[in-house]
Amino acid sequence: KVRSNIHNVKSVFVFIYSDPRWYPARQSLTLDPKGKFLRDEEILQSLPVGTTATMYFKDLGPQLGWTTVFFAENIGPLLIYLLFYFRVPYIYSDRCAFTSSPHKVVTMACVCHTFHYLKRLIETIFVHRFSHGSMPLRTIVKNCLYYWGFSAWLAYYINHPLYTPPSYGEVQVHYAMVIFAICEMGNFSIHLSLSHLRGDRSRGRRFPVPSKNPFTWLFFFVSCPNHTYEVGTWVSFSIMTQCLPVAVFTVLGFIQMTVWAKGKHRAYVREFKDYPAVRVAIIPLIL
C-alpha cells in the first residue's frame, strides 16, 4: 500500500501550477502559519489532523544542493590560502612577490590547511549523505563570505614576511601537528561511520554507535564526535601557528558547532528512548 508524503504534495503543487520555479526544494509547507516546517518524508496519514487539512505555503527562495554548497564553501579557502602562501603580487610588497618564508612552520601550516580542505572536498563528493536536499542561495553567499574571509585573514598573517615562529619552536609545532593529524583521521572516521549509518535503510532509523575503529570510540561519550575532532583540528592549528586570527576562527567555530551538536543531541534524545544517558553533545563529560 502506497502512502503519500509531503514530498508528493509538493510535486502535485508543481504539476498544478505548471511553474518550474516552485520545485519541491523551494517550497515550505506547514499546518499553521507560524508552525514548524513539514519534512518531505512525513506521511500524510500520520499528521495530527482529521480527514482534511489546510497547509500553508512559503517560498524559501532559490535553493542549491548541499553538494554544491559544501564544494563552494571549501574550494574558496583552499585556493585563497595558496595565493597568500605563494605570495602572489599585490598582497605584500613588490619585493616579496613569489618569495617563500624561511620558517618551516609556514610550509607545514600550508600543508595542513591544504590537506584539511582537500579532505573536506573529497568527503563532499564521495562520503557525505545529506539528509536535507538544499540550502537557500542567500545562506550559501553568507557562508562563503565567512569561510573565505577568515581564510584570507589567517593566511595573510601566517604567510606574512614579518611572521615569527611559535614561542616554543619546533617542539610546539611538531606536537601540534601530531594532534592535528589525529583529529583529521578521527573526523574522517566519524564521517565514514555516519555515511554508512545513513546508507543502511534496511534496519530503520538508528543512532550512531562505536565500532572497531578506535576513532569512533568517542561515540561512547558525545553525540557529535565529528564536531569534537573538528574543534581539535583548529585548536592544534592555532597552537602550531600561534596566530590570533586562527584562534578567533577556532572560538567562533566552536560556538557554532556547539549549537549544532546540542541540537543533534536533543533530537537523538527525543527520538530514541534507549539513547545512552552518559553522552553529551560535543565535549566529553562537560558540554
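Does Thr233 qualify as being touching a Cys at 6+ places or on another chain (Cβ under 6 Å), part of a helix (DSSP H, G or I) and in contact (Cβ under 8 Å) with a residue 12 or more places away in the chain? In short, yes. Checking each residue in the range 236-283 for being open to solvent by 40 Å² or more (accessible area, probe 1.4 Å), part of a loop (DSSP other than H, G, I, E, B) and more than 22 Å from Val173 (Cβ to Cβ) picks out Lys273, Asp274, Pro276, Ala277, Val278, Ile283.
Here is a yes/no grid of residues against (1) in contact with a Ser or Thr (Cβ under 7 Å, 6 or more places away or on another chain); (2) open to solvent by less than 40 Å² (accessible area, probe 1.4 Å); (3) without any contact (Cβ under 8 Å) to a residue 24 or more places away in the chain:
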residue: Thr114; (1), (2), (3): no, yes, no
residue: Val127; (1), (2), (3): yes, yes, no
residue: Pro136; (1), (2), (3): no, yes, no
residue: Tyr157; (1), (2), (3): no, no, no
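State whether the residues of the range 184-202 include one that is among the charged types (D, E, K, R), over 20 Å from Glu123 (Cβ atoms), at pLDDT below 95 and more than 17 Å from the chain's Cα centre (by Cα). Yes, that holds for at least one residue.
If a residue must be over 20 Å from His174 (Cα atoms) and more than 25 Å from the chain's Cα centre (by Cα), how many such residues does the range 86-135 contain? Break it down into steps so the answer makes sense when it comes.
Step one: of the range 86-135, the residues over 20 Å from His174 (Cα atoms) are 86-100, 117-135.
Filter once more, so that each one left must be more than 25 Å from the chain's Cα centre (by Cα): 86-100.
Selection size over the range 86-135: 15.
Once the range 143-155 is narrowed to residues that are open to solvent by less than 70 Å² (accessible area, probe 1.4 Å) and touching a residue at least 60 places away in the same chain (Cβ under 8 Å), the residue that is farthest from Thr99 (Cα to Cα) is Asn143.
When you look at Tyr85, is it hydroxyl-bearing (Ser, Thr, Tyr), touching a helix residue (DSSP H, G or I) at 6+ places or on another chain (Cβ under 7 Å) and open to solvent by less than 30 Å² (accessible area, probe 1.4 Å), yes or no?
On the way: hydroxyl-bearing (Ser, Thr, Tyr): yes; touching a helix residue (DSSP H, G or I) at 6+ places or on another chain (Cβ under 7 Å): yes; open to solvent by less than 30 Å² (accessible area, probe 1.4 Å): no.
When the stated conditions are applied, Tyr85 does not pass them.
Scanning the range 159-176 for residues that are under 27 Å from Tyr92 (Cβ atoms), open to solvent by 60 Å² or more (accessible area, probe 1.4 Å) and part of a helix (DSSP H, G or I) turns up just one, Glu170. Here is a check on your reading of the model: is Thr139 more than 28 Å from Trp66 (Cβ to Cβ) and polar (S, T, N, Q)? It is false that Thr139 is more than 28 Å from Trp66 (Cβ to Cβ) and polar (S, T, N, Q). Considering the range 88-112 alone, what residues qualify as being assigned to a loop (DSSP other than H, G, I, E, B) and open to solvent by less than 60 Å² (accessible area, probe 1.4 Å)? Answer for the range 88-112, where residues must be assigned to a loop (DSSP other than H, G, I, E, B) and open to solvent by less than 60 Å² (accessible area, probe 1.4 Å): Val88, Pro89, Ile91, Tyr92, Ser93, Ala97, Thr99, Ser101, His103.
The values are calculated or read from the model by the stated rules, or taken from the named source; none is laboratory data. None of these values were measured; they are calculated from a predicted model. Using ideal geometry, Cβ is built from the backbone for each residue, glycine included, and neighbour counts are taken over all protein chains shown. Surface accessibility is based on the protein's heavy atoms, side chains included, excluding ligands, DNA and RNA. Shrake-Rupley method; radii C 1.70, N 1.55, O 1.52, S 1.80 Å.
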